[in-house]
């Protein structure tokens with residue numbers, strides 16, 4: 001979550017479609033490491049909802065502009081949200097939960113191409129796609145607890161992707177880890193040299209496009225639904241409420257202040 005001065009922003013996400021119906025969604029806040037704010041989340045939700053209803057879409061690829069994939073939540077936005085009235089703060093928390101749910105349940109094949117930082121909600125995106133590819137220089141972390149907040153909007157998806165044991169370790173310690181560990185625990189499917197990434201992605205997409213779109217949609221819906229992995233409105237509201245309450249707590253306020261001031265939070269030894 002970089003801490004440079006905010007620059008005038010371009011559209012927070014970019015959409016591009018090729019003649020086959022493969023849509024590339026680019027997270028477009030490179031000066032902030034593609035850390036998300038509410039504008040990015042709302043744009044992502046709207047884009048996913050529109051694309052899900054478009055019969056011409058055959059696959060979805062998520063990328064990050066610049067050096068990083070997604071550095072989690074924008075620390076400046078979190079500080080702003082801390083001053084929101086309760087309902088507005090809850091809706092901001094719900095936006096993260098909703099974006100992840102829309103991606104997880106998207107009816108076409110979904111891919112993530114991960115380079116650089118993939119922290120917090122960025123790792124959540126990796127958990128929610130069908131195929132996650134990472135370069136050898138990628139760096140991962142479920143780092144929310146380090147700043148006094150909780151990763152509740154992505155918690156169910158972490159468990160689905162990595163299993164409870166691995167999710168518990170990394171969500172509780174906030175450790176950073178490399179792509180080989182991400183591969184071992186199931187967060188990514190392959191580690192691909194940067195120079196070979198585009199050809200590897202193209203090869204997997206070529207295979208995916210051989211599948212019937214309707215059959216893919218039914219398969220994804222069945223895999224999630226039959227295994228209790230779809231979230232309803234009540235579950236999403238509960239996850240958002242838990243995240244909001246921890247973010248608004250004394251720990252959450254101290255963690256955000258410590259990050260912005262580049263110091264250790266009060267609970268950290270030394």
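Taking the Cβ-Cβ separation of residue 237 and residue 52 as r and a Förster radius of 25 Å, what is the calculated FRET efficiency to the nearest 0.05?
Taking R0 as 25 Å, the efficiency between residue 237 and residue 52 is 0.75.
Can you tell me, using C-alpha contacts under 8 Å and at least 6 residues apart, the relative contact order of the chain as a whole percent?
On the way: 478 pairs, mean separation 50.2, N = 270.
Across the chain, relative contact order equals 19 percent.
How large is the convex hull of the C-alpha atoms of the range 94-152 per residue, in Å³? Present the calculation step by step, with values, prior to reporting the outcome.
Numbers: hull volume 4.3 nm³, N = 59.
Taking only Cα atoms, the range 94-152 has a hull volume of 73 Å³ per residue.
Under 8 Å for C-alpha pairs, at least 6 residues apart: give me the relative contact order for the range 112-248, rounded to a whole percent. Please report the intermediate quantities before stating the final value.
Working: 167 pairs, mean separation 37.7, N = 137.
Reported as a whole number, the value is 28 percent.
Please report the spacing between the Cα centers of the range 79-155 and the range 244-270 in Å, no decimals.
With the range 79-155 and the range 244-270 each reduced to a Cα centre, they are spaced 20 Å.
Could you state the number of Å between the C-alpha centres of the range 44-72 and the range 197-232?
Between the Cα centre of the range 197-232 and that of the range 44-72, the gap is 15 Å.
At 20 °C and 1.002 mPa s, what whole-number value in µm²/s does Stokes-Einstein give for the translational diffusion of the chain, with Rh from the Kirkwood sum over Cα pairs? Intermediate results must be reported in sequence, preceding the final value.
Values: Rh = 18.7 Å.
The calculation lands on 114 µm²/s.
Tell me the Kirkwood hydrodynamic radius of the range 218-270 in angstroms, computed as one over the mean inverse distance between distinct C-alpha pairs. Before the final figure, lay out each step's value.
Values: mean 1/r = 0.0717 Å⁻¹.
By the Kirkwood definition, the hydrodynamic radius is 14.0 Å.
How do 137-143, 124-130, 63-69 rank on mean C-beta neighbours within 10 Å, highest first? All intermediate terms of the calculation are to be shown ahead of the outcome.
Details: 137-143: 22.6, 124-130: 25.6, 63-69: 20.7.
Going from most to least packed, we get 124-130, 137-143, 63-69.
Based only on other Cβ atoms within 10 Å, what is the fewest-to-most ordering of 262, 194? Let's see the in-between values first.
Values: 262 7, 194 11.
Listing 262, 194 from fewest to most nearby Cβ atoms yields 262, 194.
Give the angle, between 0 and 90 degrees and rounded to the nearest 10, that separates the Cα long axis of helix 152-162 from the longest principal axis of the Cα atoms of the chain.
50 degrees
Can you give the angle from 0 to 90° between the axis of helix 38-52 and the longest principal axis of the chain, with both taken from C-alpha atoms, to the nearest 10?
20 degrees
Using the C-alpha gyration tensor of the range 183-249, what are the square roots of 5 times its eigenvalues, in whole angstrom, with the largest one first?
Numbers: eigenvalues 213, 94, 21 Å².
In descending order, the three semi-axes are 33, 22, 10 Å.
How much of the calculated P(r) for the range 1-148 lies past 26 Å, in percent of all Cα pairs? Could the numbers behind the result be given before it?
Details: 2248 of 10878 pairs.
Distances greater than 26 Å cover 21 percent of the Cα pairs.
Going by alpha carbons, how many degrees (0 to 90, nearest 10) lie between the helix axis of 197-208 and the longest principal axis of the chain?
60 degrees
Against the globular-protein guess of 2.2 N^0.38 Å, express the Cα radius of gyration of the range 112-270 as a ratio, rounded to two decimals. It would help to have the intermediate numbers written out before the result.
Numbers: Rg = 17.7 Å, N = 159, 2.2 N^0.38 = 15.1 Å.
Rounded to two decimals, the normalised Rg is 1.17.
Where a number appears in this text, it was derived from the coordinates with a stated rule and is not lab data. On a predicted model such as this, the values are computed, not experimentally measured, just so you know. Glycine gets a Cβ as well: all are built from the backbone with ideal geometry, and neighbour counts include every protein chain shown.
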